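S.K.: The following block contains the structure, expressed as structure tokens.
The values are calculated or read from the model by the stated rules, or taken from the named source; none is laboratory data. Only a predicted model underlies this, so the values are computations on that prediction, with no experimental measurement involved. Please note: Cβ atoms are built from the backbone with ideal geometry, for glycine as well, and neighbour counts cover all protein chains shown. Areas reflect the complete protein model, heavy atoms only, side chains present, ligands, DNA and RNA absent. Shrake-Rupley method; radii C 1.70, N 1.55, O 1.52, S 1.80 Å.
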Amino acid sequence: MNTSNAPTAVCPFSGASGSAESVSVIDEVAVPSAPASVEVGISAPVADWVTIPDLYADPFPIYQRMRSESPVHWVPAVNRYMVMSYAACHEIEQDEARFSADENNSLMKRAMGHSMLRKDNPKHQVDRDSYGSTLRPGTIKKHWNEIFTANHEKYLGELVDKGPGADFVWDYAAPYAAENLRLICGFHNASQDDLQRWSQTMIDGTGNYADDPEVWEKSAESSAEVDSAIDEMLPYLAKNPDHSLLSGLASMPIPLEDIRANLKMTIGGGLNEPRDVLATTVWALLNHPEQLAAVRNDPKLHAVAFEESVRWVAPIGMYPRETTRDVVLEGVHLPKGSRLGVVLGAANRDPKIFEDPESFNILRPKKPHLGFGGGVHFCAGTWIARAQVAQIAMPALFDRISNLRLDPSSPSIDAGWVFRGLTKMPVTWG
């Protein structure tokens, strides 16, 4: 990725400059309870050593170093403050009055339109309520689980038919998640391959911090295709209703531009989250045979493994916020209008919260992670993801392929920081 146009290593708000290596390690500072007008804080250190290619390859050593130096850094390469600590990320999630989701010049707005993820209440809640009962646990149990089971059997069967050496991500997890999402959304005029292409190209747009023009072109093409598919399905579903999101929206007085934006947002997160969590969880268990044995012996641990996987490698690793006023966050002063990156991938490995946080351990003491966000923007698809992965796919997968293994002749590859998951995962058995 080209980062040659990255901003200089000077925070445009505070004027702080210099390498993070020259910044002293600070202790955690409690945010005073006094009004913001009398709060004081230090300027954020500048992490001018951080690059987008390094974040993409493996962000976790970078997060460890940054978090040990300060809970918040100004990072020129991504042109925003990156928030590292669990406490700071949690504070942001619980306070939309000071930390707005409606970010100016948002990459997500450019790639997908102004969805509920980039709105504050009350506008956010109006959009969220429009999704109705489609994603609720009761509907999942009564309607979607049967569909998820059928799709799992279809695509796992295709993986088995391809034989040892098949790629777990692209031959099973991706089409399984995409077909589920296609039906959840109501795109009867598209294929799961279309959903995969739409999702990846628009997600690439939301994470295009390098401002690559080719990424924007592909994202725009997919956005236009989704608009056309929605426009075709809405009148059909108004006359032929089903349990899908588009069917529910077809009978509501919701502006078309809001329907389009929210469905594009759903295509993004609704595919990559279950796909990546499924692959990451299976990959981690195959690398920890003692934990896999525990899961086999106690089926309730499938759900525990799912949650630990989301903590360990948050599939949505970072999302933006913007300060609405001058604030002090964990002792760091942030001026009004500061662009923030809430780094869940760092917060979920904060050693102040989790013991040995860099390790995958399904037997660790239970503590809440931030992998699905929090506050009013807690992920609406959480229950769908849990059902697809922990309740349907994982138990049946290990039952059918009892000796599933990672292919030793072809190593797996993981990548990403805004979104992170396995990009290659050859498996074998027999």
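S.K.: Under a plain spin-label model, where a point goes 7 Å from the Cα along Cα-to-Cβ, how far apart in nm are SER251 and GLU214?
M.R.: Result for the modelled spin labels: 4.7 nm.
S.K.: Express the carbon and sulfur contribution to the solvent-accessible surface of the stretch 216-363 as a percent, rounded to the nearest whole number, probe 1.4 angstrom.
M.R.: 55
S.K.: Span-like helices, the chain: DSSP H, alpha-carbon axial extent 30 Å or more, mean Kyte-Doolittle -0.5 or greater, which ones?
M.R.: Result, helices passing both filters: 213-239, 256-287.
S.K.: Another one. What are the principal axis extents of the Cα atoms in the stretch 214-348, in Å, biggest first?
M.R.: Largest first, the stretch 214-348 extends 53, 47, 32 Å along its Cα principal axes.
S.K.: For the pairs LYS142/LYS300; LYS123/LYS239; LYS109/LYS162; LYS264/LYS352, flag any whose C-alpha to C-alpha distance is greater than 30 Å.
M.R.: LYS109/LYS162; LYS264/LYS352
S.K.: Give me the percent of accessible area attributable to carbon and sulfur for the stretch 91-182, probe 1.4 angstrom.
M.R.: 49
S.K.: Calculate, in nm to one decimal, what VAL40 and THR149 gain on full extension: separation in residues at 0.36 nm each, minus their alpha carbon distance.
M.R.: 33.8 nm
S.K.: Next question, about the same structure. Which value in nm describes the separation of the simple spin-label points at PHE378 and ASN79, placed 7 Å from the Cα toward the beta carbon?
M.R.: Modelled inter-label distance: 3.4 nm.
S.K.: Once the convex hull of the C-alpha atoms of the stretch 384-430 is built, how many Å³ does it hold per residue, rounded to a whole number?
M.R.: 73
S.K.: Normalized C-alpha radius of gyration of the stretch 278-380, against 2.2 N^0.38 Å?
M.R.: 1.28
S.K.: Over the chain, with a Gaussian network built from C-alpha contacts below 10 Å, which listed residue (SER412, SER115, SER199) shows the highest mean-square fluctuation?
M.R.: So, out of SER412, SER115, SER199, the one fluctuating most is SER412.
S.K.: Moving to a separate point now. Using a 7 Å offset from Cα along Cα-Cβ at ALA57, what residues in the stretch 68-100 end up with backbone N under 19 Å from the label point?
M.R.: 76-78
S.K.: When Rg is the radius of gyration of the Cα atoms in the stretch 73-164 and Rh is its Kirkwood radius, what does Rg/Rh come to?
M.R.: Using Cα coordinates only, the ratio equals 1.15.
S.K.: For the stretch 142-191, what is the convex hull volume of its Cα atoms per residue in Å³?
M.R.: Measuring per residue, one finds 67 Å³ for the Cα hull of the stretch 142-191.
S.K.: What is the pair-distance distribution P(r) of the stretch 90-229, computed from all Cα-Cα distances in 10 Å bins starting at 0, with each bin given as a whole percent?
M.R.: 10, 28, 35, 22, 5, 0
S.K.: In the chain, once you exclude exposed GluC sites (Glu not before Pro) (DSSP loop, at most 13 other Cβ within 10 angstrom), what's the longest stretch remaining?
M.R.: Answer from the scan: 29-354.
S.K.: Once the cut-off is 22 Å, how many percent of the Cα-Cα pairs in the stretch 350-430 end up in the long-distance tail?
M.R.: Cα-Cα pairs in the stretch 350-430 separated by more than 22 Å: 49 percent.
S.K.: Next up: Based on the Cβ-Cβ distance of ASP129 and VAL160, what FRET efficiency does E = 1/(1 + (r/R0)^6) give at R0 = 45 Å, to the nearest 0.05?
M.R.: Using R0 = 45 Å, I get an efficiency of 0.60.
S.K.: When Rg is the radius of gyration of the Cα atoms in the chain and Rh is its Kirkwood radius, what does Rg/Rh come to?
M.R.: Ratio value, two decimals: 0.96.
S.K.: Another one. Pull up the DSSP beta bridges for the chain and report the antiparallel fraction as a percent, rounded to 5.
M.R.: 80
S.K.: Along its three principal axes, how long is the stretch 149-273 when you only count alpha carbons? Whole Å, largest extent first please.
M.R.: 50, 41, 19
S.K.: Could you tell me, in Å, what Rg and Dmax come out for the Cα atoms of the stretch 258-335?
M.R.: Rg then Dmax for the stretch 258-335, in Å: 18.2, 53.
S.K.: Mind checking the log10 I(q)/I(0) for the stretch 123-163 at q = 0.20, 0.21, 0.24, 0.33 Å⁻¹? Debye, one equal scatterer per Cα, no solvent, two decimals.
M.R.: Values returned for q = 0.20, 0.21, 0.24, 0.33 Å⁻¹ are -0.68, -0.70, -0.77, -0.98.
S.K.: Another one. Give me the 1.4 Å probe accessible area per residue for the chain, excluding ligands and nucleic acids, in Å².
M.R.: Per residue, the chain has 41 Å² of solvent-accessible surface.
S.K.: Right, another one. Where the centre of each part is set by its Cα atoms, how far does the stretch 294-371 sit from the stretch 86-112, in angstrom?
M.R.: If you average the Cα positions of each part, the centres end up 16 Å apart.
S.K.: Further question on the same structure: Stretch ALA293-ASN403 to full length: gain in nm at 0.36 nm per residue minus the Cα-Cα span?
M.R.: 38.4 nm
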